[in-house]
Structures are given as C-alpha cells and as structure tokens.
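Here is the structure we will look at.
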Amino acid sequence: MSLDKTYKLVPGTTIFDSEQSAKGYHLNQFCMSLMTRENRAAYLADERAYLDAWPLREEQKRALLDRDLNAAMREGGNIYFLAKWGATLGFSFQQMAGSMTGMTEEEYRAMMVGGGRSVEGNRIDHAVLEAAHAPAPPAEHAEITAAVFTSHVPAIGAAMDHGKTEEPYWQPVFAGYEYSRAWQRENVPDVVFLVYNDHASAFDQSLVPTFVLGTGASFPAADEGYGPRPVPGVEGHPELAAHIAHALIRDDFDLTLANEMSVDHGLTVPLSLLFGDLGGAESWPCKVIPFHVNVVQYPVPSGARCFRLGQALRRAVESYDRPLKVQVWGTGGMSHQLQGPRAGLINREWDNAFLDRLVADPAGLAEVPHLEYVEEAGSEGIELVMWLIARGALSDVDGSGEVELKHRFYHVPASNTAVGHLILENRPRAAAPAVKE
C-alpha cells in the first residue's frame, strides 16, 4: 500500500510535503538567513559568493540567480521562505506571484481585481486521477523485524566510555547484554527507529514538543555538561523518515519534524549496549531515525496513545516501497526517581510485572494510567510509556503474526535506576494468495 499523494496532480501547484522539505532544506535555510540586515547587505553585494557559501545544488543557485521562482519551487523551495529572498530583492508578493504565471505585476494585479483566477480549467484531469488510483502491482516493502526494549541509564555510557565494564559493580549489568550483542551482530537492520526522550539537551523550556521525528541526514551526539560521549553521532534515513512523517500525520498523530538536533544518552547508550565497542569505527552499523517523546513536562502522552502510535508506525513502515529491515527500539525506565524525598525508589515487583505484561498483554498494559507509573515506578518511571510504541509496532497486536521472546534481563541497580531489557522478534504471517475469480 503506497501513500496517497494525488495532491501532486493538481495542475500548476507544488505541494510542500516532507519530500520537498528534504529536497529544499538548505535552500529554505538560506532564505531564512536573509532575515537580518547584515546578511541582506552581504547577499546583495555579491549574490554568487553568498550562495556558494551554502551547500546548495547548482540547480538551486541558478534558479535564484535567474529569478526563476518556478524552478526554485521545483528544487524544494517554499513560497513563505522564498518571500524573504524576494523581499531582499525588493519584489512585492504580487510581483513574485505574477512572475510564476507569466504575467507582469500589473497584469497579475488586474486579474486579482477582476476576481482572481478561475478554478475552472485548473482542476485535476479525471483521466489522470483515475490512472493514479489504478491498482499497482505488488512491490517489495520495508518490514519490522524486531523490537528491542532497554533502559538508557547515562552512567552505563560513562562506564563503557571509561573502561569500567568489568568492575564488580558494573559486570552484572553488561553480562545481561552479552546475548543481545551476539543477537544484534546476526540481525543488523538497515534502520533502527529509536524511541527515546531528550534530557534537556536538544530541547529546553523554550520549546516542549510531544513527539519529535528526526528527518535529517545526521544527528550529532549532545554535550550534556561533561562533553559529548566519545561515540559517533547517528546517520539518519531522510527518505524513510519523510515517508513515516507523511503516514503518521495523515493518521492524525501530530509530529514535530526536526532536520537538525543533537541526540543525548537516551539514544546513544542503547546503541552502545546493543552494538558494543565500535573499535574506532566512525559510524554505527546501521542508520538511525531518532524519535523523541516528551516524558519530562506534563502533560505527557498516555500509554494508550503511544501504543496506537506504534501500530500506526508499523503501517507506515510496511507501506514504504523499498525492502528495508527495520527494528523499533523503545528505551527508558525502568522504575526510578531522581528527585525529591523519594529519590532512589525501585519497585522490582512492579517492573517485572510490566515486563510480563509487555510480552503477554500489551493492549491491557497500554491502559495503565500515568498515576500508577508515578506512584509505583517513580516520577521518572513514566519513561516506560515509550516502550509501548515499540510494542505496538509488532504483528501479534492485530493478529497478523506472532512474536518470539529472544531475551529478557532485569537488574538492580545501575546508578539510580533498575535496568530492564527485552528482545522480541517479529513473526508476521505471509499474506494469503489472491483468489482468482
């Protein structure tokens, strides 16, 4: 099932979707740079030199130098961004709009005074629309092969970075991931969709988004006050991320799309736990799509909403028409509280019941209210709702397949928290062959 993008068939119209955004990212950021007097002066003094300082394709530069707005739009430009460029050159909005229609500013103004352009003759041709909706032959598609669930304790990363993994305190923690690393070496995915929460590294109180999808090409490791961890940043998958963004938003999940952001221990520690020491490699073994969930400032999303998001994520991934193997990782937790007189709270019984239900009764677990997380698992135990996104992405949820539990691990303590870990392999059933009439 491919996504419905028939809006591309509307004549004389360029819709600024996720694909266009990725294509025109640097072009539109160039336009935003013209919002200061100093940059406008520098651009007007030497347009070519200013453009050459940006990572623009030659086609994008030529469109601007030729004052060709239609070409700029084809190259990913958006009219609201390009308006900053036009204003720098002294163009009115009607002058810019007129240039895209083959009219002078005066001709365009006269048309608008006369009531504007008629929609008659400017709709999609019905034959073109019918052809677009014709059934497409079956194609290869991406699939979710497994879900990984793990705590993302910052001290675990520090223990790895400083060579302390064999110390008596830390050895039991890392022993619990020995199987996982061997399994991961045998099951390296093309892409990991990694659900985590930022810990006041990329987002502060000036912006508190609920769900953030990383759509960029790369994301550097954040400096969390001690300097960045000595691990690579991650290489994203902009094409799949754009596809997922389109699908989830069409499925009524409001996302913030981030082309640039740093990623902190919530993302890098799970990668280190599962992939181990990279031996000096400059990149992780696969691409990573970061997905941040706000579990810091209330209101935070419910477990039920996260579970439904995971189900929508699976539909999105499976509608991507390239044969990619995707793993979904849910991170955070388990029980822990980092603040107030209850700091240090651990609830082994509740944690293990959570692990039981995550495997056997995920739909029921998704209905657990926030209050229970906070009361039983501590104020920061609310991070566990993120595990429900990964769990919702598996095929047994809708009865179209099964899951196999490959590994389970639980340990107390790791710094201030309990550590939990599961690996579930996805076993979707093959689709039934079409019945010939």
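The values are calculated or read from the model by the stated rules, or taken from the named source; none is laboratory data. Computed from a predicted model, the values in this text were never measured in an experiment. Counting neighbours? That spans all protein chains shown, and the Cβs are built from the backbone with ideal geometry, glycine included. For the accessible areas, the whole protein counts, side chains as well, though only heavy atoms, and no ligand, DNA or RNA atoms are used. Shrake-Rupley method; radii C 1.70, N 1.55, O 1.52, S 1.80 Å.
Take the residues of the stretch 43-70 that are crowded, with 16+ Cβ neighbours inside 10 Å and of a type outside the set (D, E, K, R): which is nearest to the chain's Cα centre (by Cα)?
Checking each candidate, the answer is Leu56.
I'm trying to understand the selection: among the residues of the stretch 76-88, which are over 23 Å from Asn122 (Cβ atoms) and either open to solvent by 60 Å² or more (accessible area, probe 1.4 Å) or in contact (Cβ under 8 Å) with a residue 40 or more places away in the chain (or both)?
Gly76, Phe81, Lys84, Trp85, Ala87, Thr88
Identify the single condition in (1) in contact (Cβ under 8 Å) with a residue 60 or more places away in the chain; (2) touching a Gly at 6+ places or on another chain (Cβ under 8 Å) that Glu105 does not satisfy, given that it satisfies every other one.
(1)
Scan the stretch 166-182 and give yes if some residue there is outside any loop (DSSP other than H, G, I, E, B), in contact with a Ser or Thr (Cβ under 6 Å, 6 or more places away or on another chain) and more than 15 Å from Trp284 (Cβ to Cβ), otherwise no.
There is at least one residue in the stretch 166-182 that is outside any loop (DSSP other than H, G, I, E, B), in contact with a Ser or Thr (Cβ under 6 Å, 6 or more places away or on another chain) and more than 15 Å from Trp284 (Cβ to Cβ).
Is it the case that Ser302 is buried (at least 16 other Cβ atoms within 10 Å of the Cβ), hydroxyl-bearing (Ser, Thr, Tyr), in contact (Cβ under 8 Å) with a residue 24 or more places away in the chain and under 30 Å from Pro369 (Cβ atoms)?
yes
I need every pair where a residue in the stretch 282-293 that is touching a residue at least 40 places away in the same chain (Cβ under 8 Å) and surrounded by fewer than 24 Cβ atoms within 10 Å (Cβ to Cβ) has its Cβ under 7 Å from the Cβ of a residue that is hydrophobic (A, V, I, L, M, F, W, C) and assigned to a loop (DSSP other than H, G, I, E, B), sequence separation at least 6 or different chains.
These pairs meet every condition: Pro285/Val188; Cys286/Val188.
Tell me the residue from Asp277, Asp204, Asp252 that is at pLDDT below 95, under 22 Å from the mean Cα position of the chain (by Cα), surrounded by fewer than 22 Cβ atoms within 10 Å (Cβ to Cβ) and part of a loop (DSSP other than H, G, I, E, B), please.
After ruling out the rest, the residue left standing is Asp204.
Which one is farthest from Met160 (Cα to Cα) among residues in the stretch 252-278 that are in contact (Cβ under 8 Å) with a residue 40 or more places away in the chain and charged (D, E, K, R)?
This residue is Asp254.
Given the residues Ala146, Ala131, Ala155, Ala159, which is the only one that is at pLDDT below 95 and among the hydrophobic types (A, V, I, L, M, F, W, C)?
Ala131
Within the stretch 81-109, can you find the residues that are farther than 19 Å from Leu51 by Cα and among the hydroxyl-bearing types (Ser, Thr, Tyr)?
Of everything in the stretch 81-109, those that are farther than 19 Å from Leu51 by Cα and among the hydroxyl-bearing types (Ser, Thr, Tyr) turn out to be Ser92, Ser99, Thr101, Thr104, Tyr108.
I need the full set of residues from the stretch 224-242 which are more than 20 Å from Leu271 (Cβ to Cβ) and under 10 Å from the mean Cα position of the chain (by Cα), in order please.
Correct list: Ala242 only.
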